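Undergrad: Here you go, one structure.
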Amino acid sequence: MKVSAALALSLAAEAVNAAALAPRHYTFPALSGTSDWSSVRQTVNFQSNAGLADVSSSQIRCYTTGTRGVQTTSVAAGGSVTFKAAPNIFHPGPLQFYMAKAPEGTAISSWDGSGQVWFKIYAEQAQTSGGQLSWASLNKGTASVTIPKNVPSGDYLLRIEHIALHQASQAGGAQFYISCAQIKVTGGGSGTPGPLVSFPGAYSASDPGIKVNIYSGARSYTPPGPKVWTG
């Protein structure tokens, strides 16, 4: 089978980038001002730092060991929340943030976030240069998001997701780095967040924002999942 020169170069570039980046993994273990795995639920990769590839797994929700957060951090609607990356965000790809409100009468510490309850509040946009995609979050040690001003007050899971795309030209090649923090939103509004999605369910392995070659010929990129709710 003959392989075009352009395809061969693309595959070679991807292999070089993957080889350079593959050993590097990370977690999001804490919110600013808190200790590791206190407000943030302990994840499966808390020791290995390895990413998750199976978007159909229930682990795509919070990647948790089952251990709930031991505390809940208060944040004012319209305020900023910052996650620590440990050690850094080593792979290229977008950051996204989702929220899910605990049902009335349910303690956030006992709620697993199942069901069609998640809405997106941020999606990092790609930069394009020379037929390659890049993201400003690469190599950063923190990741911040603003809680929409009009989100209703209450207890929420705040889900951070970084999608590493350095090996994403094949289905199942993207790696997801995920954590869920327990937060209490104060001073909220009367907005109706949406569209609502579930995890698993929001993504498929063949979504163009998940199965993509970021190293050759890319001119645009749309992150997977629903549109951002701005409130």
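The rows are residues; the columns are (1) loosely packed, with under 15 Cβ neighbours inside 10 Å; (2) among the polar types (S, T, N, Q); (3) at pLDDT 95 or above.
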site: D54; (1), (2), (3): yes, no, yes
site: C62; (1), (2), (3): no, no, yes
site: T65; (1), (2), (3): yes, yes, no
site: S74; (1), (2), (3): yes, yes, yes
site: A77; (1), (2), (3): no, no, yes
site: S80; (1), (2), (3): yes, yes, yes
site: F83; (1), (2), (3): no, no, yes
site: P92; (1), (2), (3): no, no, yes
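Undergrad: Here's a check for you: in segment 118-131, which residue that is surrounded by fewer than 18 Cβ atoms within 10 Å (Cβ to Cβ) and either free of Cβ contacts under 8 Å to residues at least 24 places away in the same chain or part of a strand (DSSP E or B) (or both) is farthest from the chain's Cα centre (by Cα)?
TA: This residue is G130.
Undergrad: Would it be correct to say that V185 is within 17 Å of the chain's Cα centre (by Cα) and in contact (Cβ under 8 Å) with a residue 40 or more places away in the chain?
TA: Judged against the criteria, V185 is not a match.
Undergrad: Does N139 count as surrounded by fewer than 19 Cβ atoms within 10 Å (Cβ to Cβ), on the phi > 0 side of the Ramachandran plot, in contact (Cβ under 8 Å) with a residue 24 or more places away in the chain and out of contact with any His (no Cβ under 7 Å at 6 or more places or on another chain)?
TA: Considered against the rule, which asks whether it is surrounded by fewer than 19 Cβ atoms within 10 Å (Cβ to Cβ), on the phi > 0 side of the Ramachandran plot, in contact (Cβ under 8 Å) with a residue 24 or more places away in the chain and out of contact with any His (no Cβ under 7 Å at 6 or more places or on another chain), N139 comes out as yes.
To keep it simple, each residue is scored yes or no on (1) within 16 Å of the chain's Cα centre (by Cα); (2) farther than 24 Å from G115 by Cα; (3) without any contact (Cβ under 8 Å) to a residue 60 or more places away in the chain.
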site	(1), (2), (3)
I160	yes, no, no
Q170	no, yes, yes
G191	no, no, yes
A202	yes, no, no
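Undergrad: To continue, here is another question. Quick check on my filter: what residues within segment 54-89 are touching a strand residue (DSSP E or B) at 6+ places or on another chain (Cβ under 8 Å), of a type in the set (A, V, I, L, M, F, W, C) and in a loop (DSSP other than H, G, I, E, B)?
TA: V55, A77, I89
Undergrad: Does I183 satisfy the criteria of being over 25 Å from I108 (Cα atoms), surrounded by 20 or more Cβ atoms within 10 Å (Cβ to Cβ) and out of contact with any helix residue (DSSP H, G or I) (no Cβ under 8 Å at 6 or more places or on another chain)?
TA: When the stated conditions are applied, I183 does not pass them.
Undergrad: Can you go through G79, G113 and tell me which one is of a type in the set (G, A, S), touching a helix residue (DSSP H, G or I) at 6+ places or on another chain (Cβ under 8 Å) and over 28 Å from I214 (Cβ atoms)?
TA: Of G79, G113, the one residue that is of a type in the set (G, A, S), touching a helix residue (DSSP H, G or I) at 6+ places or on another chain (Cβ under 8 Å) and over 28 Å from I214 (Cβ atoms) is G113.
The values are calculated or read from the model by the stated rules, or taken from the named source; none is laboratory data. This is a predicted model, so every value here is computed, not measured. Positions of Cβ are generated from backbone atoms using ideal geometry, with glycine treated the same way; all protein chains shown enter the neighbour counts.
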